[in-house]
Each structure stands twice: as C-alpha cells, then as structure tokens.
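Encoded as structure tokens, the structure appears first; notes follow it.
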Amino acid sequence: MSLNLEHLNWMPSPSLVPEDSAIDVQHLGRMTLGEAALEAEVLALFSAQSGELIARLKTMPVDAGALAHTLKGSARAIGAFRVAEAALGLEAAMKTDGDLAGAMTRLQETVEEARETIGRMLNRS
C-alpha cells in the first residue's frame, strides 16, 4: 500500500522550545481553550507541583524516573517545553548512567525559569 502524499494537508508543528518565554502561551491557550481562569489554575498547579517534584528529585529516590516522567508530561501540557526537554534529559541520564548531576542542574534551572515566568503571568491577571 502506498500513500499519495501530494493529497495530504500538512500542518506545521509548533516550536518545541520557544525562544522568548519559558511558557509557550499559544500552546497553553490551545490546551485551556483560551479560558483565563483555567490557564491561571493550571499554571498555579504546575508551579506548585514542579517545585515539589524538584525537591523530591534532588534526593534521587527509587521512583526518580517516574517523577521525571510526570514532570515531563505536566510541562508539555502547559507549554513549558524547556522543562519537558530537561526532564527527558534526566530520564535519559538515569537510563544510561549519564551525567545525573548535570541533567538535574539543567532541570532545576528550567523549572525555576518556568516558575518565575508563571509568577509574572499570574501577577498580571
């Protein structure tokens, strides 16, 4: 079976790592259907959850892989793609005995950047 690709309507994908903000607000708007109250709620939840997960990950518990995976999914859902990529990096480092300290530092930095951005976004509304 061969597909005729000329007849498919291709749609460009959004950038996974926006250059100007730690939160892709267009993606967030799509995920929350543009509802400002829902955006504020999910941002506040992510900010709290990400802080808790980072605190737990610092000790590298036995469930660290699952925690990093949870953070990755939550970050993707709100458009915090830098956090998602850093969490993926930590997952990869755990699986390959890579640079855990470097991956954890990168994850902490991206989470802090996202939380600061979220704080500014929530204070504007």
Given the options Glu52, Glu41, Glu112, Glu35, name the one that is out of contact with any Pro (no Cβ under 9 Å at 6 or more places or on another chain), surrounded by 14 or more Cβ atoms within 10 Å (Cβ to Cβ) and not polar (S, T, N, Q). Glu112
Can you report the number of residues in the stretch 57-83 which are surrounded by 15 or more Cβ atoms within 10 Å (Cβ to Cβ), without any contact (Cβ under 8 Å) to a residue 24 or more places away in the chain and out of contact with any Pro (no Cβ under 8 Å at 6 or more places or on another chain)? 4
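Since every read-out is calculated from the coordinates, none of them should be taken as a lab result. Just so it is clear, the model here is predicted, and its values are computed rather than measured. Cβ: placed from backbone, ideal geometry, glycine included. Neighbour counts: every protein chain shown.
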